Amino acid sequence: MKAMMRYNGQFFLQEVYVDSTKQLITRGEETTPIEQLVVHPPVSGTVYGTLLNYKGELEALGSAVCESPYQQPPKAPILYIKPVNTINYHQASIPMPKEEDTLQIGATLAVVIGKKASNVSKEEVQNYILGYTIANDVSIPHSSVYRPAIKEKAQDGFCPIGPWIVDRKELANPDDLDITIHINGELKQQQTTRNLIRPVAELIAEVTSFMTLFEGDTLLVGVPENPPLARNGDVVKITIAGIGSLENQFIITKQPVKENTI
Amino acid sequence: MKTARVAYKGNIHEAIEWYGKLQLDTGAIVSEDDVVWLPPIVPQTIFALGLNYADHAAELSFNAPKEPLVFLKGPNTLIGHNGETFRPADVTYMHYECELAVVIGQSGKNIQEKDAYNYVAGYTVANDYAIRDYLENYYRPNLRVKNRDTLTPIGPWFVSADEIKNPMNLTLRTYVNDSVVQEGTTKDMIFSIPKLIAYLSSFMTLNKNDIILTGTPKGSVDTKVGDTVLTEIEGIGRLKNTIISEPVYQ
């Protein structure tokens with residue numbers, strides 16, 4: 001399938017053909033197994049995340065949404081930012097703060113914006129999408145969502161993303177994609193984007209009604225309920241049907257080193 | 001050193017003050033009115049503080065926080081000096097927030113309070129508008145309240161750290177149509193600049209051109225279409241902004 005990625009020191013996104021089953025990358029005449037490439041994050045703009053966009057996630061809060069401190073269920077999309085220090089890449093390690101035993105794995109479809117989008121109608125959203133990739137929106141587990149969770153979500157390396165962006169035309173329906181998480185080869189979560197409260201087009205239409213998304217920005221559509229937990233040493237693979245797999249290992253580090261961030 | 005980023009005749013320049021005019025990096029002297037003022041820094045991560053002044057927290061009926069209340073902003077929300085911020089048609093309460101903006105000068109992690117100023121490149125003024133109608137109690141204050149296009153004027157000047165002897169003792173003032181509506185001092189911050197830098201860098205790397213908006217003191221008043229809002233910080237600058245209607249903006 002047609003995709004875009006950055007690897008082996010390339011600064012710009014390269015158009016490639018990806019065989020996600022065999023994990024082969026073809027550029028021009030040359031086909032290479034992905035494990036022989038150094039893969040960089042395929043995104044460069046601001047990465048926005050969406051809170052409480054899975055039906056089960058909102059249901060898990062139950063009647064608490066009508067009680068203090070929330071008072072009422074959310075009305076508009078709730079966004080947050082995964083800042084640049086969090087951006088990480090396929091096969092890199094995710095630094096675990098040494099005081100945490102476990103981190104939450106947040107498997108999410110990531111929509112990459114293809115051109116400046118402001119007040120875009122639901123029907124037109126497709127024209128503003130470059131393509132789709134996979135993100136692991138890592139968090140320190142936290143039960144309250146009343147205050148912005150910067151410390152919990154914005155630590156270095158907490159947003160692996162990639163390995164490639166699948167061209168939007170390759171995905172017939174982003175609102176019907178199966179998502180799985182494997183930890184050390186064992187299936188830990190099965191989900192689908194059918195369970196989104198706001199499907200992709202509706203979400204982008206509502207978000208761009210109050211803020212501009214620029215070319216290269218990325219919108220994470222949401223993390224499902226009951227996110228699995230990872231421990232030191234765990235290898236975590238997130239697979240989204242029609243896109244591919246993003247794999248990273250959680251490793252306790254005193255001082256994370258980012259050696260591959262061009 | 002005080003520097004601005006301006007657009008002039010189709011190009012972007014760095015500029016310095018020159019006897020009430022501007023000297024561009026080309027050497028040309030131009031009038032302040034002949035340029036478009038841009039945000040003085042092209043930002044990396046933008047942090048903002050909620051409730052970082054005790055009097056403002058009390059005004060909003062909150063207790064002072066025990067840990068800094070931090071939220072993030074995207075680059076879409078910044079606009080320069082003399083810019084126009086639109087007020088959505090359906091809102092009843094939109095207020096300014098005059099804030100000292102701290103610009104980070106070099107990357108750092110686990111920065112100690114005593115070393116924090118070594119990581120500060122300088123300062124500017126920000127007006128961190130909020131639209132209270134859109135507040136919801138999820139990751140509050142959320143991006144729909146704080147991250148709208150044009151909602152964060154910043155500038156006019158980037159003032160290098162060496163020019164400001166004590167950033168923790170500066171008067172902040174906001175004028176709406178020339179009347180003073182907000183007055184405070186950075187002395188009253190709950191979490192000081194060194195504390196904020198130590199706090200943030202304890203769990204994430206700070207980078208060059210990250211900007212920390214350090215919060216606002218008491219004195220929030222609704223601003224209407226047509227109002228001129230001037231946010232001023234002693235020794236740093238006077239940032240002018242005009243509120244326009246949504247139809248005019250679009």
(request) Compare the peptides A:184-193, A:72-81, A:131-140, A:96-105 by average per-residue count of other Cβ atoms within 10 angstrom and give them in order, highest first. (result) A:131-140, A:72-81, A:96-105, A:184-193
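Within the set of other residues whose C-beta is less than 14 Å from the C-beta of B:L151, count the net charge using Lys and Arg as +1 and Asp and Glu as -1.
Details: positive: B:K73, B:R87, B:R132, B:R144, B:K146, B:R148; negative: B:E84, B:E97, B:E99, B:D128, B:D133, B:D149, B:E246.
Spelling it out: positives minus negatives among the neighbours equals -1.
Give me A:D217, B:D133, B:D162 sorted ascending by neighbouring Cβ count inside 10 Å, so fewest comes first. Display every interim value, and only then the final one.
Numbers: A:D217 24, B:D133 13, B:D162 8.
The order, fewest Cβ neighbours first, is B:D162, B:D133, A:D217.
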(message) Quick check for me: using +1 on Lys/Arg Cβ and -1 on Asp/Glu Cβ, what's the dipole size of the protein assembly as shown about its Cα centre, in debye to the nearest 20?
(response) 380
(request) Mind jotting down the distance between the C-alpha centroids of the range A:1-24 and the range A:56-114, whole Å? (result) 27
(message) Give the average, rounded to an integer, of partner chain Cβ atoms located within 10 angstrom of each Cβ in B:144-154.
(response) 3
(request) Assuming a ≥ b ≥ c are the square roots of the Cα gyration tensor eigenvalues, decide whether chain B counts as rounded (a/c under 1.5), prolate (otherwise, with a/b larger than b/c) or oblate. (result) oblate
(message) Checking the table B:K21/B:K224; A:K98/B:K73; B:K195/B:K240; A:K151/B:K146; A:K2/A:K55 against a 24 Å threshold on Cα-Cα, which pairs fail?
(response) B:K21/B:K224; A:K98/B:K73; B:K195/B:K240; A:K2/A:K55
(message) With just the Cα atoms defining each centre, how far is the range A:140-170 from the range B:18-76? Give it in Å.
(response) 26
(request) Within 10 Å of each Cβ in peptide A:41-49, how many partner chain Cβ atoms are there on average? Round it to a whole number, please. (result) 2
(request) Tell me what the protein assembly as shown gives for mean residue ellipticity at 222 nm when only DSSP H runs of n ≥ 4 count, each as -39,500 (n - 2.57), the sum divided by the residue total, rounded to 500 deg cm²/dmol. (result) -2000 deg cm²/dmol
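Each value in this text was obtained by applying a stated rule to the coordinates, not by laboratory testing. Everything numeric in this text was worked out from a predicted model, so none of it was measured. We place every Cβ from the backbone using ideal geometry, glycine too, and count neighbours over all the protein chains shown.
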